[in-house]
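What follows is a set of notes on a single structure, which appears directly below.
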Amino acid sequence: NTTIHEKALIFTHALSTEIYVKLAGEFEIKLKYDIGLAAGMGFLGLQGPKRMKKTTITGEAAGIAKRLQTQGKRLRYSESEIKSFPQIIMDPELYEVAVNLQAFNKQKFKKIKGTEKNIKDNDYYHWQYTD
């Protein structure tokens, strides 16, 4: 669903730009986080002991998103040009929506190959805000 994809991308963009700047400035800490995005179906539910349940999502798309987040961590620690802003790594379906949405600067997307388990050698797209 394009509307859901657009809302998710707008939120993710804010989380990796304006929200990041506000949190980092207000708490004066070095925040380091990366975001993996994959489109698809999943199961949403509660997991854990009776009084300590937490919301979780499972499914193939959730697993791929987690692998993409891990891919971002590897990039963060292996490439010196990566700045402090969060990295977003997304699948091709969301990349197409992001380009059409124009919330992200298209010139800043970089096509990368997955290196993590279950995403190895597949094409994904990296984006990171630079000031």
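The values are calculated or read from the model by the stated rules, or taken from the named source; none is laboratory data. Quick caveat, the model's predicted, so the values are computed rather than measured. Virtual Cβ from ideal backbone geometry, glycine too; neighbours counted across all protein chains shown. Keep in mind that these areas ignore ligands, DNA and RNA; they rest on the heavy atoms of the full protein, side chains included. Shrake-Rupley method; radii C 1.70, N 1.55, O 1.52, S 1.80 Å.
Before moving on, here are some points about what is shown:
- In this structure, residue 3 does not satisfy being open to solvent by less than 100 Å² (accessible area, probe 1.4 Å), farther than 15 Å from residue 126 by Cα, touching a Gly at 6+ places or on another chain (Cβ under 7 Å) and not charged (D, E, K, R).
- Figure legend. Inter-residue proximity from the range 92-119: first residues within 12 Å of residue 9 (Cα to Cα), second residues assigned to a loop (DSSP other than H, G, I, E, B), beta-carbon distance below 8 Å, spacing 6+ or different chains. Indicated pairs: 93/39; 94/38; 94/39; 95/109; 98/104; 98/109; 99/109.
- The criterion of at least 2 residues that are among the basic types (Lys, Arg) and under 25 Å from residue 4 (Cα atoms) is met, among strands (runs of 3 or more DSSP E) falling completely within the range 14-131, by 110-113.
- Any hit, the range 10-17, residues being out of contact with any Asp or Glu (no Cβ under 8 Å at 6 or more places or on another chain), free of Cβ contacts under 8 Å to residues at least 60 places away in the same chain and under 24 Å from residue 117 (Cα atoms): no
- The range 34-55, subset in contact (Cβ under 8 Å) with a residue 24 or more places away in the chain and surrounded by 15 or more Cβ atoms within 10 Å (Cβ to Cβ), residue farthest from the chain's Cα centre (by Cα): 39
- A count restricted to the range 74-88 and to residues that are farther than 16 Å from residue 130 by Cα and either among the polar types (S, T, N, Q) or at pLDDT 90 or above (or both) stands at 1.
- Subset of the range 89-130 that is within 14 Å of residue 66 (Cβ to Cβ) and open to solvent by less than 30 Å² (accessible area, probe 1.4 Å) - its residue that is modelled with the lowest pLDDT: 116
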